[in-house]
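Novice: Before I ask anything, let me first share the structure, which is written out below as structure tokens.
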Amino acid sequence: MSETYSYLGPSGTFTEAALAQVPEARGKEWRSVNNVGEAFDDVVSGRSVAAMIAIENSIEGGVTSTLDALANIPNLRIVGEYLVRVQFVLVARPGTRLEDVRVVNAHPVAYAQTRSWLDANLPTHGHIPSTSNVASALALFENDLADAAVAPPQIVQHHELEVLAENIADNANAVTRFVLVSRSTVLPAATGADKTSIIAELPDDRSGALLELLEQFSTRGVNLSLLQSRPIGDALGRYRFVIDADGHISDERVADALLGVRRFSPSVIFLGSYPRADQAPVEYVDRYDDEVFREAREWLRGLIDGEPTA
Ligand SMILES: O=C(O)C(=O)Cc1ccccc1
């Protein structure tokens, strides 16, 4: 059976652009799905070896539905991350003028990123949510519920659409981070520029518990690049924390931090260690080098084994 990769389609989405960055996916079957839940289902059922999923963007923060799916679906692993610069145009059926636009079709995340422009230029517009940035534009051909759509600039290369406005994103430098999610438990090799993702819960009713969770990393010299709380969902005020830490689980300082988290947290999900998209080598101070951990462990082992100390 050929390996299949699922992505939020139809063809032309930013998610597809992220999948195009994956060398292992070249020449393989790509399956376009209508929503992120379907992409996760493909991985869980084994229909696809992996799915490309949007997890965070530089304006809106974490994609909450993705973070919750990673917490709730067992045995998922992140095996890679990819960055895509996102820009948006407003498109319409040929002949439409900007002043004719009453209703705009847009993916909710894209809508949130173009709100200032839309509010300033179409102050009375209505919004219909779409399942993706390309589905928004294709809906213009299927029905007349919307007059215009927010879509990626390349959309006009493939469809008979007119650009009513370019660069409508609130922030021209917006970037979306995608992760390749699979069920493979084979760890990607450490590169020196890696990231480790976990989701951890706090022990109940203990003051300072979040600080104690974070101390597991700070006392091992491990920097964090993401800390996002998400409601566990069973009661008000109960949260889990999605954490991205610099480094690979095979780095001693990261492994030691994870042992600390495991001892302390009632529930820890290991989401994976994988190369950072920006390939920036992880920086740490010398006293947290692998060798320092190993030397300390050997010293302790020697004491326990009754070896004479020098
Ligand atoms: O992949 C797409 O194009 C999507 O529709 C999801 C999305 C929405 C907004 C920013 C990045 C990805």
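We did not get these values from a lab; they are worked out from the coordinates using the rules stated. This is a predicted model, so every value here is computed, not measured. Cβ atoms come from the backbone with ideal geometry, glycine included; neighbour counts cover every protein chain shown.
Novice: For a quick protection proxy, order the peptides 265-275, 95-105 by their average other-Cβ count within 10 Å, most packed first.
Specialist: The packing order, highest mean first, is 265-275, 95-105.
Novice: Return the calculated 222 nm mean residue ellipticity for the chain, to the nearest 500 deg cm²/dmol, obtained by summing -39500 (n - 2.57) across DSSP H runs with n ≥ 4 and dividing by the residue count. Please list the in-between numbers first.
Specialist: Numbers: 8 runs with 85 residues, N = 310.
Rounded to the nearest 500, it is -8000 deg cm²/dmol.
Novice: Report the residue, chosen from His158, His107, His248, that carries the largest GNM mean-square fluctuation when the chain is represented by alpha-carbon nodes joined by springs under 10 Å.
Specialist: His158
Novice: In whole Hz, with x marking every Gly and Pro, tabulate ³J(HN,Hα) for the range 252-262 from phi via Karplus 6.51 cos²θ - 1.76 cosθ + 1.60, θ = phi - 60°.
Specialist: Karplus values, whole Hz, x for Gly and Pro: 4, 5, 6, 4, 5, 5, 5, 4, x, 5, 4.
Novice: May I ask for the distance between the Cα centers of the range 9-37 and the range 200-251, given as a whole number of Å?
Specialist: Taking the Cα centre of the range 200-251 as reference, the centre of the range 9-37 is 31 Å away.
Novice: Applying a 10 Å radius around every beta-carbon, put 42-48, 11-17, 119-125 in order of their mean neighbour count, most first.
Specialist: Peptide ranking by packing, descending: 11-17, 42-48, 119-125.
Novice: Which distance in Å, rounded to a whole number, links the C-alpha centroids of the range 110-135 and the range 155-177?
Specialist: 12 Å
Novice: Let me ask something else about it. Sort largest first and round to whole Å: the equivalent ellipsoid semi-axes of the chain, each the square root of five times a Cα gyration tensor eigenvalue. It would help to have the intermediate numbers written out before the result.
Specialist: On the way: eigenvalues 379, 85, 60 Å².
Here the semi-axes work out to 44, 21, 17 Å.
Novice: Taking H placed 1.01 Å from N in the peptide plane, check which residues at least 5 places from Asn57 or on another chain put their amide H under 5 Å from its amide H.
Specialist: So Asn57 has HN proximity to Gly62, Val63, Arg177.
Novice: Oh, and also: Report, for the range 82-185, the % of DSSP beta bridges that are antiparallel, rounded to 5.
Specialist: 65 percent
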